[in-house]
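Below you'll find the structure, written out as C-alpha coordinates, and then a few comments.
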Amino acid sequence: MNKPLSEQTALITGGATGIGRAFAEALLESGIGAVVIASRRRDVLENAAGELNAAHGPRVHPFAFDIRDRQQTEALVADTIHKFGSVDVLINNSGLAVPETVTGITDTGWDEVLETNLRGAVWLTQLVLPKMFEQNFGDIVNVSSQAGKHGYADVPSYCVSKFGLLGFAESLRDDVRKRSANVRVFNFCPGLVDVETPPDHPPRPGFIHVRNMGRTLIYALSLDRDVILEDINIYSR
Ligand SMILES: NC(=O)c1ccc[n+]([C@@H]2O[C@H](COP(=O)([O-])OP(=O)(O)OC[C@H]3O[C@@H](n4cnc5c(N)ncnc54)[C@H](OP(=O)(O)O)[C@@H]3O)[C@@H](O)[C@H]2O)c1
(Lines give C-alpha, C1' and ligand atoms only; values in the text may rest on other atoms or scores of the structure.)
Protein backbone atom coordinates (compact mmCIF):
# COMPACT_ATOMS: atom_id res chain seq x y z
CA MET A 1 0.00 0.00 0.00
CA ASN A 2 1.35 3.41 -0.93
CA LYS A 3 0.05 6.94 -0.55
CA PRO A 4 1.07 9.83 -2.83
CA LEU A 5 3.31 12.36 -1.09
CA SER A 6 0.89 15.10 -2.09
CA GLU A 7 -1.72 13.45 0.19
CA GLN A 8 0.65 12.97 3.11
CA THR A 9 1.10 15.02 6.28
CA ALA A 10 4.42 15.24 8.08
CA LEU A 11 4.80 16.20 11.73
CA ILE A 12 8.30 17.47 12.48
CA THR A 13 9.28 18.28 16.04
CA GLY A 14 11.85 21.06 16.12
CA GLY A 15 10.81 21.77 12.52
CA ALA A 16 11.33 25.53 12.68
CA THR A 17 15.13 25.41 13.04
CA GLY A 18 18.24 23.58 11.92
CA ILE A 19 17.86 20.00 10.74
CA GLY A 20 14.10 19.95 11.27
CA ARG A 21 13.64 22.97 9.06
CA ALA A 22 15.85 21.40 6.37
CA PHE A 23 13.61 18.31 6.51
CA ALA A 24 10.53 20.54 6.13
CA GLU A 25 12.04 22.30 3.11
CA ALA A 26 13.00 19.04 1.43
CA LEU A 27 9.52 17.59 1.93
CA LEU A 28 7.90 20.77 0.58
CA GLU A 29 10.18 20.77 -2.47
CA SER A 30 9.19 17.13 -3.07
CA GLY A 31 5.49 18.03 -3.01
CA ILE A 32 4.19 16.90 0.39
CA GLY A 33 0.60 17.89 1.16
CA ALA A 34 1.09 19.44 4.60
CA VAL A 35 3.81 19.89 7.20
CA VAL A 36 3.24 20.60 10.89
CA ILE A 37 6.26 22.08 12.61
CA ALA A 38 6.14 21.90 16.40
CA SER A 39 8.34 23.16 19.21
CA ARG A 40 8.21 25.57 22.19
CA ARG A 41 8.94 29.04 20.79
CA ARG A 42 5.82 30.32 19.07
CA ASP A 43 7.55 33.32 17.45
CA VAL A 44 10.27 31.12 15.92
CA LEU A 45 7.61 28.71 14.63
CA GLU A 46 5.48 31.46 13.12
CA ASN A 47 8.45 33.13 11.43
CA ALA A 48 9.60 29.83 9.94
CA ALA A 49 6.10 28.92 8.77
CA GLY A 50 5.71 32.36 7.19
CA GLU A 51 9.00 32.04 5.29
CA LEU A 52 8.37 28.46 4.18
CA ASN A 53 4.82 29.23 3.07
CA ALA A 54 5.99 32.29 1.12
CA ALA A 55 8.54 30.13 -0.70
CA HIS A 56 6.53 26.93 -1.18
CA GLY A 57 2.81 27.73 -0.88
CA PRO A 58 0.62 27.57 2.22
CA ARG A 59 1.31 24.04 3.45
CA VAL A 60 3.19 24.66 6.72
CA HIS A 61 1.34 24.82 10.03
CA PRO A 62 3.04 25.87 13.27
CA PHE A 63 2.04 24.33 16.61
CA ALA A 64 3.60 25.47 19.88
CA PHE A 65 4.14 22.69 22.43
CA ASP A 66 6.62 21.40 24.98
CA ILE A 67 7.56 17.80 24.31
CA ARG A 68 8.14 17.29 28.04
CA ASP A 69 4.44 17.88 28.70
CA ARG A 70 2.19 14.88 28.00
CA GLN A 71 -1.01 16.91 27.58
CA GLN A 72 0.59 19.32 25.12
CA THR A 73 2.03 16.41 23.18
CA GLU A 74 -1.38 14.72 23.01
CA ALA A 75 -2.92 18.01 21.88
CA LEU A 76 -0.38 18.31 19.06
CA VAL A 77 -1.20 14.89 17.63
CA ALA A 78 -4.96 15.29 18.13
CA ASP A 79 -4.93 18.68 16.40
CA THR A 80 -2.87 17.36 13.48
CA ILE A 81 -5.13 14.34 12.96
CA HIS A 82 -8.23 16.53 13.31
CA LYS A 83 -7.01 18.96 10.64
CA PHE A 84 -5.31 16.60 8.19
CA GLY A 85 -6.74 13.15 8.91
CA SER A 86 -3.45 11.45 9.78
CA VAL A 87 0.22 11.78 10.58
CA ASP A 88 1.89 9.93 7.72
CA VAL A 89 5.48 10.93 8.48
CA LEU A 90 6.53 11.54 12.08
CA ILE A 91 9.98 13.06 12.44
CA ASN A 92 11.27 12.86 16.01
CA ASN A 93 13.84 15.62 15.74
CA SER A 94 13.50 17.85 18.82
CA GLY A 95 16.56 17.50 20.96
CA LEU A 96 19.15 19.18 23.11
CA ALA A 97 22.29 18.45 25.10
CA VAL A 98 23.21 19.50 28.62
CA PRO A 99 27.00 19.44 28.90
CA GLU A 100 27.52 17.70 32.25
CA THR A 101 30.34 15.15 32.69
CA VAL A 102 29.82 11.68 34.16
CA THR A 103 30.55 12.84 37.69
CA GLY A 104 28.67 16.10 37.16
CA ILE A 105 25.29 14.87 35.88
CA THR A 106 22.47 16.55 37.82
CA ASP A 107 18.94 15.22 38.12
CA THR A 108 17.70 18.39 36.44
CA GLY A 109 20.05 18.04 33.48
CA TRP A 110 19.38 14.32 33.14
CA ASP A 111 15.61 14.82 33.16
CA GLU A 112 15.75 17.66 30.65
CA VAL A 113 17.78 15.62 28.17
CA LEU A 114 16.05 12.27 28.60
CA GLU A 115 12.53 13.73 28.64
CA THR A 116 13.15 15.85 25.54
CA ASN A 117 15.22 13.51 23.38
CA LEU A 118 13.85 10.12 24.36
CA ARG A 119 10.59 10.10 26.30
CA GLY A 120 9.05 12.70 24.00
CA ALA A 121 9.88 10.60 20.94
CA VAL A 122 8.37 7.55 22.63
CA TRP A 123 5.16 9.46 23.48
CA LEU A 124 4.77 10.80 19.95
CA THR A 125 5.35 7.39 18.46
CA GLN A 126 2.70 5.89 20.75
CA LEU A 127 0.27 8.65 19.82
CA VAL A 128 0.64 8.42 16.03
CA LEU A 129 0.83 4.63 15.71
CA PRO A 130 -2.89 3.77 16.12
CA LYS A 131 -3.78 5.88 13.08
CA MET A 132 -0.81 4.51 11.12
CA PHE A 133 -1.97 0.97 11.89
CA GLU A 134 -5.56 1.85 10.98
CA GLN A 135 -4.59 3.25 7.59
CA ASN A 136 -1.76 0.70 7.26
CA PHE A 137 0.68 3.40 6.23
CA GLY A 138 3.30 5.49 7.97
CA ASP A 139 6.95 6.41 8.36
CA ILE A 140 8.70 7.22 11.62
CA VAL A 141 12.03 9.02 11.35
CA ASN A 142 14.21 9.39 14.42
CA VAL A 143 17.08 11.85 14.65
CA SER A 144 19.66 10.17 16.82
CA SER A 145 23.33 11.08 16.42
CA GLN A 146 26.86 9.72 16.21
CA ALA A 147 26.50 10.25 19.96
CA GLY A 148 24.00 7.37 19.72
CA LYS A 149 26.83 5.17 18.46
CA HIS A 150 29.80 6.38 20.48
CA GLY A 151 30.10 7.73 24.01
CA TYR A 152 31.53 11.19 24.64
CA ALA A 153 32.82 12.32 28.05
CA ASP A 154 31.36 15.83 27.81
CA VAL A 155 27.73 14.83 27.11
CA PRO A 156 26.99 11.43 28.67
CA SER A 157 23.27 12.08 29.24
CA TYR A 158 22.92 13.12 25.59
CA CYS A 159 24.66 9.89 24.54
CA VAL A 160 22.29 7.86 26.73
CA SER A 161 19.28 9.55 25.14
CA LYS A 162 20.53 8.98 21.59
CA PHE A 163 21.59 5.35 22.23
CA GLY A 164 18.18 4.87 23.85
CA LEU A 165 16.35 6.29 20.86
CA LEU A 166 18.03 3.69 18.63
CA GLY A 167 17.05 0.94 21.06
CA PHE A 168 13.45 2.10 21.06
CA ALA A 169 13.48 2.31 17.25
CA GLU A 170 14.74 -1.25 16.98
CA SER A 171 11.95 -2.46 19.27
CA LEU A 172 9.46 -0.46 17.22
CA ARG A 173 10.73 -2.03 14.01
CA ASP A 174 10.27 -5.48 15.55
CA ASP A 175 6.77 -4.53 16.72
CA VAL A 176 5.62 -3.40 13.27
CA ARG A 177 7.24 -6.47 11.67
CA LYS A 178 5.27 -8.76 13.99
CA ARG A 179 2.07 -6.95 13.07
CA SER A 180 2.97 -6.97 9.34
CA ALA A 181 2.16 -3.26 9.45
CA ASN A 182 3.16 -0.99 6.57
CA VAL A 183 5.12 1.30 8.88
CA ARG A 184 8.81 1.99 8.25
CA VAL A 185 11.35 3.20 10.78
CA PHE A 186 14.38 5.27 9.81
CA ASN A 187 17.15 6.49 12.10
CA PHE A 188 19.54 9.30 11.29
CA CYS A 189 22.87 9.22 13.13
CA PRO A 190 24.57 12.41 11.99
CA GLY A 191 27.95 13.68 13.01
CA LEU A 192 28.37 17.44 13.10
CA VAL A 193 25.78 19.20 10.94
CA ASP A 194 26.25 22.86 10.08
CA VAL A 195 22.81 24.38 10.59
CA GLU A 196 23.92 28.00 10.23
CA THR A 197 25.77 28.17 6.91
CA PRO A 198 23.72 29.80 4.12
CA PRO A 199 22.76 27.51 1.21
CA ASP A 200 25.46 28.82 -1.14
CA HIS A 201 28.34 28.65 1.37
CA PRO A 202 30.54 25.65 2.21
CA PRO A 203 30.04 24.17 5.70
CA ARG A 204 32.53 24.70 8.49
CA PRO A 205 35.42 22.18 8.52
CA GLY A 206 34.34 18.90 10.11
CA PHE A 207 30.63 19.60 9.50
CA ILE A 208 28.28 18.54 6.71
CA HIS A 209 25.92 21.07 5.19
CA VAL A 210 22.39 20.65 6.55
CA ARG A 211 20.96 20.31 3.02
CA ASN A 212 22.42 16.77 2.94
CA MET A 213 20.00 15.79 5.69
CA GLY A 214 17.02 16.82 3.55
CA ARG A 215 18.37 15.02 0.50
CA THR A 216 18.94 11.84 2.47
CA LEU A 217 15.45 12.00 3.97
CA ILE A 218 13.84 12.18 0.53
CA TYR A 219 16.02 9.31 -0.71
CA ALA A 220 15.09 7.16 2.30
CA LEU A 221 11.38 7.86 1.92
CA SER A 222 11.54 7.06 -1.81
CA LEU A 223 12.57 3.45 -1.15
CA ASP A 224 10.08 0.63 -1.66
CA ARG A 225 7.82 0.03 1.32
CA ASP A 226 9.32 -3.39 2.05
CA VAL A 227 12.91 -2.09 2.28
CA ILE A 228 14.52 -1.72 5.68
CA LEU A 229 17.23 0.92 5.75
CA GLU A 230 19.11 0.65 9.00
CA ASP A 231 20.79 3.51 10.84
CA ILE A 232 21.96 6.27 8.50
CA ASN A 233 25.45 7.23 9.64
CA ILE A 234 26.21 10.52 7.95
CA TYR A 235 29.16 12.78 8.70
CA SER A 236 31.94 14.78 7.13
CA ARG A 237 35.09 13.18 5.80
N1 LIG B 1 23.49 19.83 14.49
C2 LIG B 1 24.20 18.75 14.75
O3 LIG B 1 25.43 18.74 14.60
C4 LIG B 1 23.52 17.47 15.18
C5 LIG B 1 24.25 16.27 15.12
C6 LIG B 1 23.63 15.10 15.51
C7 LIG B 1 22.32 15.10 15.94
N8 LIG B 1 21.64 16.28 16.03
C9 LIG B 1 20.25 16.23 16.49
O10 LIG B 1 19.44 16.85 15.53
C11 LIG B 1 18.25 17.35 16.15
C12 LIG B 1 18.03 18.78 15.70
O13 LIG B 1 19.11 19.56 16.15
P14 LIG B 1 19.62 20.88 15.41
O15 LIG B 1 21.09 20.75 15.26
O16 LIG B 1 18.80 21.16 14.21
O17 LIG B 1 19.45 21.97 16.55
P18 LIG B 1 18.23 22.98 16.89
O19 LIG B 1 18.05 23.93 15.76
O20 LIG B 1 18.57 23.53 18.24
O21 LIG B 1 16.97 22.04 16.97
C22 LIG B 1 16.44 21.54 18.15
C23 LIG B 1 14.95 21.76 18.13
O24 LIG B 1 14.37 21.11 19.26
C25 LIG B 1 13.34 21.94 19.75
N26 LIG B 1 13.10 21.63 21.17
C27 LIG B 1 14.01 21.68 22.18
N28 LIG B 1 13.40 21.42 23.35
C29 LIG B 1 12.09 21.17 23.06
C30 LIG B 1 10.95 20.89 23.86
N31 LIG B 1 11.02 20.77 25.20
N32 LIG B 1 9.75 20.70 23.23
C33 LIG B 1 9.66 20.81 21.89
N34 LIG B 1 10.70 21.08 21.08
C35 LIG B 1 11.90 21.30 21.68
C36 LIG B 1 13.87 23.37 19.57
O37 LIG B 1 12.83 24.33 19.50
P38 LIG B 1 12.36 25.20 20.80
O39 LIG B 1 13.61 25.59 21.53
O40 LIG B 1 11.61 26.36 20.22
O41 LIG B 1 11.48 24.28 21.59
C42 LIG B 1 14.60 23.26 18.23
O43 LIG B 1 13.75 23.61 17.15
C44 LIG B 1 18.46 17.19 17.66
O45 LIG B 1 17.79 16.04 18.11
C46 LIG B 1 19.97 16.99 17.78
O47 LIG B 1 20.31 16.25 18.93
C48 LIG B 1 22.21 17.47 15.67
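The values are calculated or read from the model by the stated rules, or taken from the named source; none is laboratory data. Remember, it's a predicted structure, so these values are computed and weren't measured experimentally. Glycine gets a Cβ as well: all are built from the backbone with ideal geometry, and neighbour counts include every protein chain shown.
List of remarks:
- Residue match in segment 117-134 (condition: farther than 19 Å from Phe168 by Cβ and surrounded by 18 or more Cβ atoms within 10 Å (Cβ to Cβ)): no
- Identity of the residue in segment 136-162, buried (at least 18 other Cβ atoms within 10 Å of the Cβ) and among the aromatic types (Phe, Trp, Tyr), that ends up nearest to the ligand (Cβ to nearest atom): Tyr158
- Residue ID - farthest from the ligand (Cβ to nearest atom), chosen from residues in segment 181-231 that are among the polar types (S, T, N, Q) and within 21 Å of Gln8 (Cα to Cα): Asn182
- Some residue of segment 122-135 being in a loop (DSSP other than H, G, I, E, B) and more than 12 Å from the ligand (Cβ to nearest atom): no
- Hits in segment 1-31 - residues which are over 15 Å from Asn53 (Cβ atoms) and within 11 Å of the ligand (Cβ to nearest atom): Thr13, Gly14, Thr17, Gly18, Ile19, Gly20, Ala22, Phe23
- Condition check for His209 on (1) more than 18 Å from the chain's Cα centre (by Cα); (2) surrounded by 13 or more Cβ atoms within 10 Å (Cβ to Cβ): one failure, at (1).
- Flag if Ser236 is without any contact (Cβ under 8 Å) to a residue 60 or more places away in the chain, surrounded by fewer than 19 Cβ atoms within 10 Å (Cβ to Cβ) and within 11 Å of the ligand (Cβ to nearest atom): yes
- Among residues of segment 193-229 being in a loop (DSSP other than H, G, I, E, B) and touching a helix residue (DSSP H, G or I) at 6+ places or on another chain (Cβ under 8 Å), the one that is nearest to Ala26 (Cα to Cα) is Val210.
- Look at (1) away from the ligand (no atom under 12 Å from the Cβ); (2) loosely packed, with under 14 Cβ neighbours inside 10 Å and you find that Asp43 fails only one, number (1).
- Among the conditions (1) away from the ligand (no atom under 13 Å from the Cβ); (2) in contact (Cβ under 8 Å) with a residue 12 or more places away in the chain; (3) part of a helix (DSSP H, G or I); (4) of a type outside the set (D, E, K, R), the only one that His82 does not satisfy is (2).
- Test: residue in segment 39-46 that is assigned to a loop (DSSP other than H, G, I, E, B) and modelled with pLDDT of 95 or more: yes
- Verdict on Leu165 being near the ligand (Cβ under 10 Å from one of its atoms), out of contact with any Pro (no Cβ under 7 Å at 6 or more places or on another chain), at pLDDT 95 or above and in a helix (DSSP H, G or I): yes
The rows are residues; the columns are (1) out of contact with any Asp or Glu (no Cβ under 6 Å at 6 or more places or on another chain); (2) modelled with pLDDT of 95 or more; (3) farther than 30 Å from Ser6 by Cβ.
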{"residue": "Glu170", "(1), (2), (3)": "yes, yes, yes"}
{"residue": "Arg179", "(1), (2), (3)": "yes, yes, no"}
{"residue": "Asn182", "(1), (2), (3)": "yes, yes, no"}
{"residue": "Asn187", "(1), (2), (3)": "no, yes, no"}
{"residue": "Leu192", "(1), (2), (3)": "yes, yes, yes"}
{"residue": "Thr197", "(1), (2), (3)": "yes, no, yes"}
{"residue": "Val227", "(1), (2), (3)": "yes, yes, no"}
{"residue": "Ile234", "(1), (2), (3)": "yes, yes, no"}
